[in-house]
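Since every read-out is calculated from the coordinates, none of them should be taken as a lab result. Computed from a prediction, not measured in an experiment: that's the story for all the values here. No Cβ is skipped: glycine too gets one built from the backbone with ideal geometry, and neighbour counts run over all protein chains shown.
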Amino acid sequence: MKDKKHPIKRVLVLTSCFLSLFVHGQNLEILIQEAFKNNPEIQKAETVYKSALEKKNEVNSLANTELGLGYFASEPETRTGAQRFRVSVKQMIPWFGSITARENYVSSMADAKYEDIAIAKRKLIVSVSQGYYSIYAIRSKQKVLQRNIDLLKTYETMALTFVETGKASAVDVLKLQMRQHDLEQLMQILERQFISEQTSINKLLNRHKGIPIEAADSLSLPKFLEDISSDQLSLHPELIKYDKLYRSIEQSELLNQKEQKPMIGFGLDYVAVSERPNMSFSDNGKDIVMPMVSLSIPIFNKKYASKTKQHELKQEELLFDKQARKNRLETLLDKAINQRVSAKISFNTNAKNLGKAKNAEEILIKNYEAGTINFNDVLDIQELQLKFEMNQIKAIKSFYEQSTIINYLSN
């Protein structure tokens, strides 16, 4: 299948589709564009491609011109005089079309290398985006924890009031305080995770690890999900690269056929002749000029037949590799689609449970107004709310992480 889209254009389309679906604000887009400019892997892929292009200048040339100079230590005498020295020049020229075949082969290899840029940029989008969503999840969890810590402090104040009136014990206060300490510890752990993720993103952008990165304040899930077909994988650069490598082997075989042809050589010999003394005739001391034509014939051509066989086997290998890679990509796509659906189901389920937990909390508050409250129930409900909120954040993170994989594979 021929590549219908320029590799870099495909990456830009991918980025545009991805950002329009999932970016809230411009922060992620800015990070991705900066990563395109500064990431060493992208720069390496572009340099390798430029190097492959430069090879065209190497093959678009003839073999070295042969120059020879000989001096007669003992000058041979001829009828026209003694020969003093000889100068020769020879140029071998490949068979017609050989240079074009070389250029086509090198161009096809460079074309395959160009796909590496598209692949590297797609992978970079995934890495930066998933790091971004990890930071979003960490900050969201910290907000939830802080709200729960503040709530526990409120409950602690309530418990102290009940202790004074004899409706609660000091043990209830201690339990509330211990729960606060647990949540504060989680806050500190999350902060270390944030620093790690921030370093990871900054290094993808090839900049100082301490530059602050802020994610979106909130992310919501779409009501409907687009249909994804495995047929969209056909334009994936990882598979297109196999097609281009296959074509490069075809070009290599065409070059191999040309190299089996003879090479033609054109040359010129010049021999300096001294005049014969004390003699006078028309050609006395006349120099010798001898044009030459030579032919280099590959009589023993076993190596060319071997190359042809190698090319056939390499093409078979590429077909097997492409099918294996396609199967792997289809598996990854199917897994990402199902995990994204699972994340949405998890989010909705936890949203329902969170609503019920809030209703239970309201009942406890009404009991407080009535002068009674069970602080064990308070801790249970608070822990359930925290669990459901954390699960929602986890589901959102998973949804968008799987979305980055789906976009990497299907756009």
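What the table below lists for this structure:
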{"quantity": "Filter pass, MET92 being over 30 Å from VAL128 (Cα atoms) and not β-branched (Val, Ile, Thr)", "calculated": "yes"}
{"quantity": "Candidates ALA324, ALA351, filtered to the one that is surrounded by 13 or more Cβ atoms within 10 Å (Cβ to Cβ) and part of a helix (DSSP H, G or I)", "calculated": "ALA351"}
{"quantity": "Scope the stretch 299-311; condition assigned to a helix (DSSP H, G or I) and exposed (fewer than 11 other Cβ atoms within 10 Å of the Cβ); matching residues", "calculated": "LYS302, LYS309"}
{"quantity": "Condition met for TYR133 (assigned to a helix (DSSP H, G or I) and touching a Lys or Arg at 6+ places or on another chain (Cβ under 6 Å))", "calculated": "yes"}
{"quantity": "Selection count where residues are assigned to a helix (DSSP H, G or I) and on the phi > 0 side of the Ramachandran plot, scope the stretch 242-298", "calculated": "0"}
{"quantity": "Matching residues, the stretch 30-76, being of a type in the set (Gly, Ala, Ser), in a strand (DSSP E or B) and in contact (Cβ under 8 Å) with a residue 40 or more places away in the chain", "calculated": "none"}
{"quantity": "The listed residue being of a type in the set (Ser, Thr, Tyr) and within 22 Å of THR404 (Cβ to Cβ), out of SER169, SER230", "calculated": "SER230"}
{"quantity": "Test set (1) within 29 Å of PHE281 (Cβ to Cβ); (2) surrounded by 12 or more Cβ atoms within 10 Å (Cβ to Cβ) - VAL59 fails condition number", "calculated": "(1)"}
{"quantity": "Failed item in (1) out of contact with any Phe, Trp or Tyr (no Cβ under 6 Å at 6 or more places or on another chain); (2) surrounded by fewer than 16 Cβ atoms within 10 Å (Cβ to Cβ), with ALA82 passing the rest", "calculated": "(2)"}
{"quantity": "Any hit, the stretch 234-246, residues being charged (D, E, K, R), without any contact (Cβ under 8 Å) to a residue 24 or more places away in the chain and surrounded by 13 or more Cβ atoms within 10 Å (Cβ to Cβ)", "calculated": "no"}
{"quantity": "The stretch 253-277, residues that are farther than 15 Å from GLY70 by Cα and more than 55 Å from the chain's Cα centre (by Cα)", "calculated": "SER274, GLU275, ARG276, PRO277"}
{"quantity": "Subset of the stretch 164-213 (residues that are surrounded by fewer than 16 Cβ atoms within 10 Å (Cβ to Cβ), small (Gly, Ala, Ser) and assigned to a helix (DSSP H, G or I))", "calculated": "ALA170, SER196"}
{"quantity": "Residues located in the stretch 85-116, provided they are among the β-branched types (Val, Ile, Thr) and surrounded by 19 or more Cβ atoms within 10 Å (Cβ to Cβ)", "calculated": "VAL106"}
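This table checks each residue for (1) touching a strand residue (DSSP E or B) at 6+ places or on another chain (Cβ under 6 Å); (2) closer than 30 Å to LYS121 by Cβ; (3) hydrophobic (A, V, I, L, M, F, W, C).
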| position | (1), (2), (3) |
| --- | --- |
| TYR246 | no, yes, no |
| PRO262 | yes, no, no |
| GLY267 | yes, no, no |
| TYR270 | yes, no, no |
| SER274 | yes, no, no |
| ASP283 | no, no, no |
| ASP287 | yes, no, no |
| PRO291 | yes, no, no |
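Yes/no matrix, rows are residues, columns are (1) β-branched (Val, Ile, Thr); (2) without any contact (Cβ under 8 Å) to a residue 40 or more places away in the chain; (3) farther than 30 Å from LYS241 by Cβ:
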residue: LYS121; (1), (2), (3): no, no, no
residue: SER129; (1), (2), (3): no, no, no
residue: SER134; (1), (2), (3): no, no, no
residue: ALA137; (1), (2), (3): no, no, yes
residue: GLU164; (1), (2), (3): no, yes, yes
residue: ASP182; (1), (2), (3): no, yes, yes
residue: GLN185; (1), (2), (3): no, yes, yes
residue: GLU197; (1), (2), (3): no, no, yes
residue: ILE201; (1), (2), (3): yes, no, no
